[in-house]
1. Note down the magnitude of the dipole of the chain about its Cα centre, charges +1 on Lys and Arg C-beta and -1 on Asp and Glu C-beta and zero elsewhere, to the nearest 20 debye.
2. For the chain, which whole percent of the accessible surface, found with a 1.4 angstrom probe, sits on carbon and sulfur atoms?
3. Could you give the semi-axes, largest first, of the ellipsoid that matches the stretch 24-84, computed as the square roots of 5 times the alpha carbon gyration tensor eigenvalues and rounded to whole Å?
4. Quick one, can you get me the convex hull of the C-alpha atoms of the stretch 72-121 expressed as volume per residue in Å³?
5. Return, for the Cα atoms of the chain, the radius of gyration and Dmax in Å, separated by a comma.
6. Defining a contact as two alpha carbons under 8 Å apart and six or more residues distant in sequence, what relative contact order in percent does the stretch 29-121 show?
7. Need one number: nm distance between label points at K43 and A103, each 7 Å from Cα along Cα→Cβ, rounded to one decimal.
8. In Å², and per residue, what accessible area does the chain have when probed at 1.4 Å with the other protein chains present?
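The values are calculated or read from the model by the stated rules, or taken from the named source; none is laboratory data. Worth saying up front: this structure is predicted, and the values here are computed from it rather than measured. Quick reminder, even Gly has a Cβ in these numbers, built from the backbone with ideal geometry, and neighbours come from all protein chains shown. SASA here: full protein model, heavy atoms, side chains in, ligands and nucleic acids out. Shrake-Rupley method; radii C 1.70, N 1.55, O 1.52, S 1.80 Å.
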Amino acid sequence: QVQLAESGGGLVQAGGSLRLSCAASGSIFSIGAMGWGRQAPGKQRELVARITSGGSTYYAVFVKGRFTISRDNANNTVYLQMNSLKPEDTAVYYCNANLRLPARPGGVDYWGRGTQVTVSS
């Protein structure tokens with residue numbers, strides 16, 4: 001069974017840091033782009049950061065300079081280092097990956113179940 005499992009969320013004070021991890025597991029040929037999205041209460045899910053298999057990165061303007069995305073291709077894992085956290089960063093953070101599977105060699109987007117990040121003021 002293919003899944004994405006996030007970890008590393010929690011409660012932190014404004015100005016603090018957290019590191020999120022997401023590991024893909026199951027019968028996977030390869031992984032294309034990986035990324036993180038977030039959804040705050042009453043708001044739509046928004047893209048936070050994305051990284052291609054070659055290491056090119058994209059950041060939403062509201063996290064640029066504070067968050068860093070990275071990946072470990074050997075372990076099918078993507079990370080999100082979050083520094084200088086603000087109360088408005090409070091949300092459920094979801095991992096996303098484009099997975100190439102035996103039954104879907106063209107690739108299919110998967111989302112994890114999410115991990116809560118709460119930043120207190």
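1. Values: 12 positive and 6 negative charges, 25 e Å.
With only Lys, Arg, Asp and Glu charged at Cβ, the dipole is about 120 debye.
2. Details: 2970 of 6420 Å².
It is 46 percent, rounded to a whole number.
3. Working: eigenvalues 99, 41, 19 Å².
Output for the stretch 24-84: semi-axes of 22, 14, 10 Å.
4. Working: hull volume 4.7 nm³, N = 50.
Cα-based convex hull of the stretch 72-121, divided per residue, equals 94 Å³.
5. Reported Rg and Dmax, both Å: 14.1, 47.
6. So the answer I get is 30 percent.
7. 3.6
8. On the way: 6420 Å² over 121 residues.
Spelled out: the 1.4 Å probe surface of the chain, per residue, equals 53 Å².
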